[in-house]
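I have placed the structure first, in the form of structure tokens, so that the comments after it can refer back to it.
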Amino acid sequence: MPEHTMLAIRLLLRDWNAGELKVLLLALVIAVASMTSIGVFTNRIEHSMTDQAGQFLGADLLVKSSRVIDQSIIFKANEFGLRSSEAISFASVISVGDEFQLAHIKAVDKYYPLLSQVKIAHTLYGNDMLVSHGPAPGEVWLAPRLFSSLGITLNQLVEIGQIKLKVTAVLKQDPGENSSLIAVAPRVLMNIQDVINTGIVQPGSRVNYLNSFAGKQENRQRFEKWLTPKLTSTQSLIGGTENSEAISSAMQKADQYLSLASMLSVMLSGIAIAMAANRYGQRHFDQVALMRCMGATQTSIMKIFAIQLIALGSLASLIGILFGYLAQQGLVYILSDLFVRELPSPSLYPLIVGFLSGFITLGGFSYPTIMRLRQVSPLRVLRNDISPLNISAWIVYGLATLAVILLMWWQSGHLVLTLLVLLGTLSCIIILFVITSIMTKISSFLIPILKGPWKTGLQQIIRYKRENQLQILVFGLSLLILMTIYLIRTDLFDRWQAQLPDDAPNHFVINIQSYETDKVNSFFHEKSINSEGLYPMVRGRITHINDISISDDSTDKRQLDESLKRELNLSWSNVLQKNNSLIKGKWWDENDTGKQYISIEKGLARRLQVDIGDKLSFLIADRSIDVTIRSIRSVQWESFQPNFYILFPPGSIEQFPATYISSFYIEKERKNILNQLVKEFPTLTVLEIDEIMQQVRSIMQQVSLAIEYVMLFVLMAGTMVLIASMQSSMDHRNQNAIIMRTLGASSSYLRRALFSEFILLGLFSGILAIIGTEIISLLLYEQIFELDFQAHYILWLAGPVISISLILFISWIYMRHIPRQSPLKIMR
């Protein structure tokens, strides 16, 4: 074994026995365990959410085409180990005698659904029953509203095309309904073997061919990678959350919450490692100076300590990923009843990320220390005040900070969120440093007023002003991160849940004609149904963007966007809906009535790559209109209230034929009212969305538990920061104890002085943490989570108390021996 390696290992073992490396190793283990567990758990949760969304769709993947799908795709899916199912979807009239109704018909094979189950009933609005198959040949299942509109009961025959089928069940919920919240007609489920006999599907018929696939995640990914480049312009690949804005929005927020918690955990762990590594380096200045006197070169110094870091990083990373994996495995076991399906096994990616993150974190925060050790002068043997720091060290610290930024970005996958957190943290550091300086300056005027241990404690803070400012800053930053994570779990998450209360709308009603609006409102009033109001809806298609036809547009993202391939629901309003918020531009006033302006939803604006002032052309009915984007809105799709991608000012499109849409909540035991609604208004369509709401609530619950889990690691990392900070100030506190004991101070007096000092440090740190938390919250609320900012008064009351208690507890554990030691022992 090389000489440098042997020496490095001997020094490492000696430092370990002396306790020098324990805090550094433990901090790194917590950091790696935190990143690994978060990575593995969120990896499995994301796959689980996708799987649950797939259950709601009835499959993991769905290929939709206006033409018959090539059988080679199905053969290839089978080769990849996927199960498949075929279906045909089309609109047709279903009739009984002289009564008829337009319906959305889906014909399925014997394998449908691949995932989840179909919900049916054998009486109208009776008890639900879950089945894992579709109708048998010769049978048909109808949506509840068709029974009233056609005036039929179960076991009667209905006519579809040229054949008659027997109604054997009430279709309550079909997994494929996830493809769109707004359907054009009530749904009908039949067997695919009966389609030919209907005579409806002919060459040129408007039909959608649906091929569903389900299987293991790795097989799906391989199949999707193979299939995607082979899709034609008439085909689209749909995942479990496609076309469901509510579920997509909930999953996006879930990802944002977990990513934020993950990044803050990384940042906090990095602070702990930086504190421990800095102390480790400072404790070796004298040793390196002695080695330099004995002929060691700068290269040799670098090799010895680099080997130590590699060994330390390897050990800590291995232990960290082991503990991280076991920790998330235990949580998955505890929460096993929550998941619809067993969570998929994690991929190696989060484990590799956790292992490499340990080296990046250790290297990023320890490399500056090694650079300083490299610059230690042999003269330090004679002059202990010579500190090895030059301008190159600041460059190294900049590179270390860049490494941490990249690590946080890598860990979260959200560049904007990463930059906002870093910007907020940097702003907080600057502001907190200024406030700390002001606090310590003002505190000096209190010395004549205070007496006894309180005076001594404040004098210690002012005497070691620079060190204590740094310590207050570190304490405050650690508490800031802990408080921010707390807000994620409580304030932010509670407000997110408040957007989906128990009485959130669980039904949509569409196709309300303009002459029926007053009667429908009267019906809602008579039946004590609290609706969200009636909103007009006009169908229109985007044809041009800034005078460029979408068929000629070469922008890939625009060509792939589904909103350009179909008609959109357009509406008008003079007020901004309560679940919408203006993020850019200006809302119209009375003078804008009748003008060709629009307000566009931010997601659509991003996908179409348009902004304020850009022009869009719509084809409505047989007429083209040109409009200018006046504002951009964010929409809370998960609120389950009528929302629109495009809004016009009043008087702009009211000349076009419009239908109206509304949403309302109704209890399960009162669902018989729906039958009365459909009987009185046979042309309208009622959509039940209870299942979608249940899935969104399930996602919220999972995120809540995941954040609670993350908080445990953040708390451990924060504790390590406090311990590392205490350890960094151990030397000068020992020196103070020597002087005070020599001058006759008792152990009791020293203990009270230390406690007074830490109470003041806790008070200052708590105040700083609260100020920083409010700054971070303001940025997150406004820029990421799209919520109105509110001051957190509870933090101003409880924050300082918690801060003082936490710092006192850790200081008592770590420094309780100092007042009891004799001056001679301390000096030795």
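Can you tell me which residue among Ser663, Ser599 is modelled with pLDDT under 90, assigned to a strand (DSSP E or B) and at negative phi? It would help to see each step written out before you state the result.
Values: Ser599 fails: modelled with pLDDT under 90.
Exactly one residue qualifies, and that residue is Ser663.
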Can you tell which of Leu290, Leu227 is assigned to a helix (DSSP H, G or I), at pLDDT 70 or above, open to solvent by less than 10 Å² (accessible area, probe 1.4 Å) and not β-branched (Val, Ile, Thr)? Leu227
Return yes when Gln282 is open to solvent by 30 Å² or more (accessible area, probe 1.4 Å), touching an Asp or Glu at 6+ places or on another chain (Cβ under 9 Å), modelled with pLDDT of 70 or more and closer than 30 Å to Asp15 by Cα and no when it is not. yes
What single numbered condition from (1) farther than 24 Å from Phe365 by Cβ; (2) at pLDDT below 70; (3) open to solvent by less than 50 Å² (accessible area, probe 1.4 Å) fails to hold for Ile238? (2)
Positions within the range 49-67 being under 21 Å from Leu231 (Cβ atoms), at pLDDT below 85 and open to solvent by 30 Å² or more (accessible area, probe 1.4 Å), in sequence order: Thr50, Ser66, Arg67
Do any residues in the range 101-123 that are under 12 Å from Ala87 (Cβ atoms) and open to solvent by 10 Å² or more (accessible area, probe 1.4 Å) have Cβ atoms under 8 Å from those of residues that are of a type in the set (Val, Ile, Thr) and not in a strand (DSSP E or B), where the two are at least six apart or on different chains, and which pairs are they? Asp109/Ile192
Considering Glu669, Glu708, Glu638, which residue is in a helix (DSSP H, G or I), under 30 Å from Asp592 (Cβ atoms) and either modelled with pLDDT under 70 or not hydroxyl-bearing (Ser, Thr, Tyr) (or both)? Glu638
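Taking the range 738-779 only, how many residues are in a helix (DSSP H, G or I) and open to solvent by 20 Å² or more (accessible area, probe 1.4 Å)?
To start, the set of residues in the range 738-779 that are in a helix (DSSP H, G or I) comprises 738-742, 747-779.
Adding the requirement that they be open to solvent by 20 Å² or more (accessible area, probe 1.4 Å) leaves 738-742, 747-749, 751-752, 754-755, 759-760, 763-764, 767, 771, 774-775, 778-779.
Residues flagged as in a helix (DSSP H, G or I) and open to solvent by 20 Å² or more (accessible area, probe 1.4 Å) within the range 738-779 amount to 22.
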For the range 138-151, does any single residue satisfy the condition of being touching a residue at least 60 places away in the same chain (Cβ under 8 Å), of a type in the set (S, T, N, Q) and open to solvent by less than 30 Å² (accessible area, probe 1.4 Å)? yes
Quick one: how many residues across the range 617-666 are in contact with a Lys or Arg (Cβ under 6 Å, 6 or more places away or on another chain), among the hydrophobic types (A, V, I, L, M, F, W, C) and farther than 19 Å from Pro536 by Cβ? 1
Failed item in (1) in contact with a Pro (Cβ under 9 Å, 6 or more places away or on another chain); (2) at positive phi, with Ser85 passing the rest: (2)
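The values are calculated or read from the model by the stated rules, or taken from the named source; none is laboratory data. Since we're looking at a predicted model, the values are computed, not measured. Note that each Cβ is placed from the backbone with ideal geometry, even for glycine, and that neighbours are counted across all protein chains shown. SASA here: full protein model, heavy atoms, side chains in, ligands and nucleic acids out. Shrake-Rupley method; radii C 1.70, N 1.55, O 1.52, S 1.80 Å.
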